[in-house]
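The structure under discussion appears below in the form of structure tokens.
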Amino acid sequence: MKKLLFMLLAMFLVAGCSKSEKETPPAETQLEVSKASVDFTEEAGKEIVNITTNNEWTAAFVNDRASEWCTINPKSGVAGLTAMEISVKENTTPDNRSASVNISSGGKTKTLQISQKQKNALTVTSDKFEVSYEGGQISIEAKHNVNLTYTI
């Protein structure tokens, strides 16, 4: 009887010391953005960018000034495929606009570049010149983003 009890105890000890299952390491973060950049004309517009990840994600402008003319929706999401809409207001300025959006998930970050063309414009340094009665030379500086011809 003692031998049987001893053998049962030994079996329980061996069973208790067997290898336990290894802990599964967390999956490596996958983050894919369907476009690296989005370009708009000077007109208001919308564009869709797909985000695919196996974790929660967030999106934020690198510079908050971009939010004056550009919006992103949604600004966060869960694992899977999400369509993020980028909207821009009409650009009535003579300058190009650009913004960077960082999309982050599980320690990985991808940057989406957004740019918008300028409105066609022509500006001159002054709209009034005074010349003495004897005559003289004047210089006119024109800044433009359209074809320019002039006649004097």
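I'd like the Karplus ³J(HN,Hα) series for segment 36-46: coefficients 6.51, -1.76, 1.60, θ = phi - 60°, whole numbers in Hz, and an x wherever there's a Gly or Pro.
Couplings: 8, 8, 10, 10, 10, 6, 5, 7, 4, x, 9 Hz.
How far apart, in nm, are two points set 7 Å out from the Cα along the Cα-to-Cβ line at GLU32 and at VAL146?
It is 4.4 nm.
With every protein chain left in place, what is the accessible area per residue of segment 22-107 in square angstrom, probe 1.4 Å? Each step should come with its number before you reach the end.
Numbers: 5360 Å² over 86 residues.
Per residue, segment 22-107 has 62 Å² of solvent-accessible surface.
How much length is gained if the chain between ASP95 and THR71 is pulled fully straight, taking 0.36 nm per residue apart and subtracting their Cα-Cα distance, in nm to one decimal? Mind dumping the intermediate values first?
Working: separation 24, 0.36 × 24 = 8.64 nm, distance 1.89 nm.
Contour length minus Cα-Cα distance gives 6.7 nm.
When only the heavy atoms of the protein chains count and the probe is 1.4 Å, how do VAL49, VAL146 rank by accessible area, highest first?
Ranked from most to least accessible, the order is VAL146, VAL49.
Count charges around VAL38 for me, please; just the other residues with Cβ under 15 Å from its Cβ, Lys/Arg as +1, Asp/Glu as -1.
Combined, the nearby Lys, Arg, Asp and Glu give +1.
Can you give me the long-range amide H partners of THR93? Hydrogens built in the peptide plane at 1.01 Å from N, cutoff under 5 Å, separation of 5 or more residues or another chain.
Amide H neighbours of THR93: LYS119.
Compute the length gained on full extension between GLN113 and THR41: take 0.36 nm times their separation in residues and subtract their Cα-Cα distance, giving the result in nm to one decimal.
Stretched out fully, the GLN113 to THR41 stretch lengthens by 24.5 nm.
The values are calculated or read from the model by the stated rules, or taken from the named source; none is laboratory data. Predicted model only: the values in this text are computed from it and were never measured. Note that each Cβ is placed from the backbone with ideal geometry, even for glycine, and that neighbours are counted across all protein chains shown. Calculation scope for accessible area: heavy atoms of the full protein, side chains included, ligands and nucleic acids excluded. Shrake-Rupley method; radii C 1.70, N 1.55, O 1.52, S 1.80 Å.
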